Amino acid sequence: MFKKILIANRGEIALRVMRTCREMGIEVVAVFSEADRTAPHVLFADEAYHIGPAPSTHSYLNYPKILEVARASGAEAIHPGYGFLSENTDFASEVSKAGIVFIGPPASAIKIMGDKTMARQAMLKTQVPVVPGTEEPIADISRALEVANDIGFPVLIKAAGGGGGKGMRIVNAPDEFEDAVGKAQRESQSAFGDGRVYIEKYLEEPHHIEFQILADTHGNTIHLNERECSIQRRYQKVIEESPSPFIDDDLRTKMGKAAVETAESCKYVGAGTVEFLVDKYRNFYFLEMNTRLQVEHPVTEMVTGVDLVAEQIRIAAGQTLSHKQIDISTTGHAIECRIYAEDAAHDFAPSTGEIVMLQIPDGAGTRFDGAIRQGIEITPYYDPMLGKLICWAHDRESALNRSERALREFYIGGIETTIQFCRSVIKHNTFREGTYDTHFYTNFMDELHADLSATTEEVLLVAGGSLFHHQNQIKHGSHSSSSKKKTRSNWVNAQLGRNK
Amino acid sequence: MFKKILIANRGEIALRVMRTCREMGIEVVAVFSEADRTAPHVLFADEAYHIGPAPSTHSYLNYPKILEVARASGAEAIHPGYGFLSENTDFASEVSKAGIVFIGPPASAIKIMGDKTMARQAMLKTQVPVVPGTEEPIADISRALEVANDIGFPVLIKAAGGGGGKGMRIVNAPDEFEDAVGKAQRESQSAFGDGRVYIEKYLEEPHHIEFQILADTHGNTIHLNERECSIQRRYQKVIEESPSPFIDDDLRTKMGKAAVETAESCKYVGAGTVEFLVDKYRNFYFLEMNTRLQVEHPVTEMVTGVDLVAEQIRIAAGQTLSHKQIDISTTGHAIECRIYAEDAAHDFAPSTGEIVMLQIPDGAGTRFDGAIRQGIEITPYYDPMLGKLICWAHDRESALNRSERALREFYIGGIETTIQFCRSVIKHNTFREGTYDTHFYTNFMDELHADLSATTEEVLLVAGGSLFHHQNQIKHGSHSSSSKKKTRSNWVNAQLGRNK
Amino acid sequence: MMKFEINANNRSIEANFTGESSELVIKTGENELRFEAIQVQPGVHSVLMNNRSFVVGVCPNEANRVNINGTPINLELLDAVHLHLRELGWDSLKEVKAGLISAQIPGLVTKIFHGAGDEVSEGDPLFLIEAMKMENEIKSPIAGTVKRIGVTEGQTVEKGTNIIEIE
Amino acid sequence: MMKFEINANNRSIEANFTGESSELVIKTGENELRFEAIQVQPGVHSVLMNNRSFVVGVCPNEANRVNINGTPINLELLDAVHLHLRELGWDSLKEVKAGLISAQIPGLVTKIFHGAGDEVSEGDPLFLIEAMKMENEIKSPIAGTVKRIGVTEGQTVEKGTNIIEIE
């Protein structure tokens, strides 16, 4: 086993990886940018190296520098976390060339799955279903109609040149087809200067469901069941859970097999995630494979009891998987809420500044994977995710209740966060009933935001009284609302005293 | 089910109980003393009532005032936590008389088990073994020798008038008996002005093992296995774990039955704990029964998955137990470290002051039941326990590794704590091997404290450099070691600005 | 005793406040409420109102944004003077909408949509600012004419930097 | 460059410090170490020494108590002057042991064992103070004669209150 691992990342995932390393008796090396000198991952680590200025292109993406640190520190392996260099084939190759172990899949697997077309072509050689459609843009309208009839209506016409719904049309019947293609082509031309369109099967009420994969270097590949990730806002996941309230055992078995087949098709090694779309009829289609640890991996850890980072490290050290497929069973239900430094009331604008007060929820079944601290500054340089709140309980309803309790308990003062937004989602009937799909946010946006800004008379009076009090405080130049002298710590007193 | 519960306690246990209440959809009412106006349990609660000045005799023990609050708030039940009023029969009776439900056993059970003599006599009517010995002080030396022979040597001679080891003698053989009694009587007389002594069986390498009990009002009583509580310092538990590394399945079954019988003997209702002493030969003896939630209850929750507070509330509401004995099974291993505001290097003197920096460990299998916050003041008025760190993992070794990681990650700045002391215990070979008994602290005190103050050359240089730097900072009247201007939160900036 | 109107999220309530320290008596309609606040951290208060417990964040930079148990509320607290002015036809809210638009977050100004002299309507995009890997579009709070532009495209700005003035 | 002797827990090391801000070069024997400190909270520093990471708490009230990654260390940092004084027969440590004993914790003084004029030895119990439900015995740090007693039994004292003076 490795004696020392460098974690080429920051924030919650760096801390997450370091925790497991330390439990395994492995020393951890942190890297940090100018902006992160006192970040939690630096304070946690055994060693920490400055690698450049704040912008990530000059620090966390600066892999020659990171390799230099790995060599200088004597680290035997590098864990890339997610994001940054985790899916960079050049980095993976360079690490290996330097005689250091890259904790992740071989560069070849990253390459195949990193390219949508290559991935789709790889899948077509397997039994794993992909979303049916034309692989080339429509040239001949009657040939296109044949394809559409083969796929079965409704079909989706999608612009080749761009996204965001422009040049997109749902066609319900053959007689609307030609007209719709024409409109989509013109709209696409005007929006992107590119009139080419594709046809794809239109999935009704689609679910985003992904399977966790583990594969070792000895040819063993297993899956650890699914995560339901349909709660998204602009393709960004907001809340994930496991098990999915939509998937039954039969479908789970089938999709699990497909996920394993997907991983095997690219000779996958390590932890990976196979993403599927599942329509209302429970047809599932391969979407993509993420060749790294996923943000939402803790929900799988909470229900299976498997430490995915420990498995990654064991696999990278050449060990066989700790579990066979038959040993994998799940207990209870886990829900993850992503907490962002964003202002939900103002179109999720990022929020920066000092965390002036922090109370992280805790207690039974309550886990927060984060990297924040009272007094720390949230800077504008990196992803605005502050951490993930994962709640586990025996059943889904208890996990929902626990999540709601924990979100209510969570207090971050000084910046805006999505804590309350997550609470609105958790409280929403459709979410509680588990009958949601990827349209959830779009469908219920207004309700969610109305809930966010709902105000009782009581709350209005508290707000008014507080503002009045605050203004008075400022008027009278006093911070303290208590006339009682506050005793401070020795540490602080002494400093204050000596500096007078 | 109740709509509103008053929690007649403070600190971590108040917060612990409130968390479960809120998950059950029950509103929580806090009470607080003058010193606790901004304590975490007050900020967490739906309602909070001031009940008196800081000393607990005038606030948390002032039960007429607490009853008044219960009535005013419309609380239907009172949870007493542990300590304070939790084992006060008068309080339990008064609550019931006021038409409010006391979340705990009937006053009669508290009374029997609260009196050592009554409890022992109750046990003698059952099959549950008690430590053999004389029930009255020794009057006749030859009669006493008969008893000693019946019990079997070695026996313990104990002073009736006081404790602390004075007037105590271990007698290994009959021919030493008379002499030893005389010495013990004289020592006892001189120490306590009371020369009376008892005889009790001397237990070799004793373990303090307790069983968690749940009993409902419908006559069902179950146990939730044991907690090993032998790591004690001056009869105060330091670290607890479940399962006990000393107990096998056979003994577990026998002791579990005895624990259930104990509870049934006093018509127990609610959550309770039956404490036993177990000697090196695995003989077990009833010690006492605690008629309340125990500090260390989370280790049982972590391995059984049962929320003990939820069960207490359900039982108090007249529901039947959620589990039958046969449904209780345990998974993995849990270890609890109690974190006190005490200075282990100075004979565990209590430490007060402001918490200037706080980083609570988190991540998989890591739970902290506490009630602290950065910026909060630890006052001298109450028990110095800051909270409990409970780590769970699949097996004991992983739980030990996780505990060590979490203790290393735990940072409380501004006051002294027992975090490092717990780490010394967890790292100690005898503890890791699980071969310890209640003599652990006395036997290894010197080693533990040597480990606590062990210093490498590297640490010495860091200490020297830091002190030099700190003195320089003070000399130059600057707090900030960084020349870079620190951006602060809007909230703070605005206040600072306006107050200039 | 002072009379106030509290407005937020399309709700409005009238109340009388007595006291001016951390302890108030708030009267509204038939109700009389005891309000008590204590500072927990700068800008964060623990409030007990008739023994109901709230954690309140007050963010004085963004005029009148208050955060109750984590929920942000944009508040208008009108005293007798403001209420009288409104009776005379002045709308205090409109006054607040100043034409000087500054960066609410530090970041990189990637695009400025207008030049000096351009006419803009309320809600028109003014500029883009990139922070935390995301692009944020800043819209005009008022209609008017662009008077001055304080930065150039590609410039990195600190929080609070003035970007555009509209009159 | 300044020469120091660092003593703690029966260990002693000589080192030369260069620099006097947050960045030092520490030389000891053959080793040269880059030491860099930055304040995280008042009294808490993050230290990197040759890239090894430490969280250091400095508690200046209790002379020279430093806390490294949670472990408290009672430190003696002797500069050239002190080292020279020691060569001349002065022991700087003894000097520090002042005869004025104050309450290290706030609490209730339940017992005072001596009266003015009493002789006490080092380690003799001076008084009992009760805090957090526990009784704490305070021992004399030096041998001498009780000069003055500042409180009476049963009195509640704040932290830092002078209890007994010994000379």
Next on the checklist: Among the listed residues B:E377, B:E311, B:E354, identify the single one that is in contact with a helix residue (DSSP H, G or I) (Cβ under 7 Å, 6 or more places away or on another chain), more than 29 Å from B:E433 (Cβ to Cβ) and of a type in the set (D, E).
Outcome noted: B:E354
Checklist entry - within 23 Å of C:E76 (Cβ to Cβ) and either part of a helix (DSSP H, G or I) or modelled with pLDDT under 95 (or both), is that true of A:G465? => result yes
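Looking at B:K201, B:K166, which one is crowded, with 20+ Cβ neighbours inside 10 Å and either touching an Asp or Glu at 6+ places or on another chain (Cβ under 7 Å) or among the basic types (K, R) (or both)?
Working: B:K166 fails: crowded, with 20+ Cβ neighbours inside 10 Å.
One residue alone meets the criteria, B:K201.
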Item to check | Long-range neighbours under 8 Å by Cβ, at least six apart or interchain, first residue within 22 Å of B:M385 (Cα to Cα) within the stretch D:118-143, second part of a strand (DSSP E or B) and among the hydroxyl-bearing types (S, T, Y) | outcome: D:L128/D:T110; D:I129/D:T110; D:E130/D:T110; D:E135/D:T110
Next on the checklist: Give me the residue from the stretch A:356-389 that is closer than 23 Å to B:M18 by Cβ and in contact with a Cys (Cβ under 8 Å, 6 or more places away or on another chain) and, out of that set, farthest from the other protein chains (Cβ to nearest Cβ).
Outcome noted: A:L389
Item to check | Selection within the stretch B:285-330 - aromatic (F, W, Y) and crowded, with 23+ Cβ neighbours inside 10 Å | outcome: B:F286
Item to check | Failed item, numbered, when A:E261 is tested on (1) of a type outside the set (F, W, Y); (2) touching a helix residue (DSSP H, G or I) at 6+ places or on another chain (Cβ under 6 Å); (3) within 30 Å of A:A77 (Cα to Cα) | outcome: (2)
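Tell me which strands (runs of 3 or more DSSP E) are completely within the stretch C:32-109 and hold 1 or more residues being in contact with a strand residue (DSSP E or B) (Cβ under 9 Å, 6 or more places away or on another chain), at pLDDT 75 or above and within 13 Å of chain B (Cβ to nearest Cβ), or say none if there are none.
On the way: elements: C:44-49, C:52-59, C:65-68, C:71-74, C:76-79, C:100-102.
In the stretch C:32-109, C:44-49, C:52-59, C:65-68, C:71-74, C:100-102 are the strands (runs of 3 or more DSSP E) which contain 1 or more residues that are in contact with a strand residue (DSSP E or B) (Cβ under 9 Å, 6 or more places away or on another chain), at pLDDT 75 or above and within 13 Å of chain B (Cβ to nearest Cβ).
I'd like the full set of residues that are part of a strand (DSSP E or B) and within 16 Å of B:A349 (Cβ to Cβ), limited to the stretch D:136-167.
Residues of the stretch D:136-167 part of a strand (DSSP E or B): D:136-139, D:144-149, D:156-157, D:162-166.
Selection gives D:N136, D:E137, D:I138, D:K139, D:V157, D:I163.
Count, please, the residues in the stretch C:110-135 that happen to be aliphatic (A, V, I, L, M), in a loop (DSSP other than H, G, I, E, B) and surrounded by 14 or more Cβ atoms within 10 Å (Cβ to Cβ). Please lay out each step first, then the result.
Of all residues in the stretch C:110-135, those aliphatic (A, V, I, L, M) come to C:112, C:116, C:120, C:126, C:128-129, C:131-132, C:134.
From the residues that got through so far, the ones that are in a loop (DSSP other than H, G, I, E, B) too are C:116, C:132.
Within this subset, residues satisfying the condition of being surrounded by 14 or more Cβ atoms within 10 Å (Cβ to Cβ) are C:132.
Result for the stretch C:110-135: 1.
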Checklist entry - Counting just the residues of the stretch B:427-456 that are touching a residue at least 12 places away in the same chain (Cβ under 8 Å) and of a type in the set (A, V, I, L, M, F, W, C), which one comes out farthest from the other protein chains (Cβ to nearest Cβ)? => result B:F440
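Where residues in the stretch A:52-75 are within 15 Å of A:G11 (Cβ to Cβ) and among the aliphatic types (A, V, I, L, M), which of them is surrounded by the most Cβ atoms within 10 Å (Cβ to Cβ)?
Taking the stretch A:52-75 as the starting set, the residues that turn out to be within 15 Å of A:G11 (Cβ to Cβ) are A:54, A:56, A:59-61.
Still in the list and also among the aliphatic types (A, V, I, L, M): A:54, A:61.
Values: A:A54: 15, A:L61: 18.
If we take residues in the stretch A:52-75 being within 15 Å of A:G11 (Cβ to Cβ) and among the aliphatic types (A, V, I, L, M), then A:L61 is surrounded by the most Cβ atoms within 10 Å (Cβ to Cβ).
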Item to check | Which listed residue is out of contact with any Ser or Thr (no Cβ under 9 Å at 6 or more places or on another chain) and at pLDDT 85 or above, from D:E165, D:E119 | outcome: D:E165
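Working carefully through the options A:S398, A:S424, find the one that is within 9 Å of chain B (Cβ to nearest Cβ), out of contact with any Ser or Thr (no Cβ under 9 Å at 6 or more places or on another chain), surrounded by fewer than 24 Cβ atoms within 10 Å (Cβ to Cβ) and of a type in the set (S, T, N, Q). Lay out the reasoning, then the answer.
Values: A:S424 fails: within 9 Å of chain B (Cβ to nearest Cβ).
Selected residue: A:S398, the only one of A:S398, A:S424 that is within 9 Å of chain B (Cβ to nearest Cβ), out of contact with any Ser or Thr (no Cβ under 9 Å at 6 or more places or on another chain), surrounded by fewer than 24 Cβ atoms within 10 Å (Cβ to Cβ) and of a type in the set (S, T, N, Q).
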Checklist outcome for this item: Scanning the stretch C:18-41 for residues that are touching a helix residue (DSSP H, G or I) at 6+ places or on another chain (Cβ under 7 Å) and crowded, with 22+ Cβ neighbours inside 10 Å gives C:L24, C:I26, C:F35, C:A37
Next on the checklist: Given (1) at the interface with chain D (Cβ under 10 Å from one of its Cβ atoms); (2) more than 25 Å from B:T300 (Cβ to Cβ), identify the lone condition not met by B:L407.
Outcome noted: (2)
Next on the checklist: Residue under question is B:R234, and the condition is that it be at pLDDT below 95 and either more than 26 Å from B:D347 (Cβ to Cβ) or in contact with a Pro (Cβ under 6 Å, 6 or more places away or on another chain) (or both); does it hold?
Outcome noted: no
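Return the residues of the stretch D:3-31 that are at the interface with another protein chain (Cβ under 8 Å from one of its Cβ atoms) and of a type in the set (A, V, I, L, M, F, W, C); say none if nothing qualifies. Walk me through how you get there before you give the answer.
If we filter the stretch D:3-31 for residues that are at the interface with another protein chain (Cβ under 8 Å from one of its Cβ atoms), which is where we start, we get D:4, D:6, D:8-9, D:11, D:13, D:15, D:17, D:20-22, D:24, D:26, D:28.
Those that are at the interface with another protein chain (Cβ under 8 Å from one of its Cβ atoms) and of a type in the set (A, V, I, L, M, F, W, C): D:F4, D:I6, D:A8, D:I13, D:A15, D:F17, D:L24, D:I26.
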Checklist outcome for this item: Residues of the stretch D:106-128 being under 17 Å from B:P350 (Cβ atoms), aliphatic (A, V, I, L, M) and out of contact with any Lys or Arg (no Cβ under 6 Å at 6 or more places or on another chain), in sequence order, are D:L108, D:V109
Item to check | Single match in A:I415, A:I372, A:I390 (criterion: modelled with pLDDT under 95 and among the aliphatic types (A, V, I, L, M)) | outcome: A:I415
Next on the checklist: Suppose the filter is crowded, with 22+ Cβ neighbours inside 10 Å and closer than 18 Å to B:L145 by Cα; does B:V181 pass it?
Outcome noted: no
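The values are calculated or read from the model by the stated rules, or taken from the named source; none is laboratory data. Since the structure is predicted, the reported quantities are computational estimates derived from the model, not experimental observations. A quick note on method: Cβ atoms are made from the backbone with ideal geometry, for glycine too, and the neighbour counts reach across all protein chains shown.
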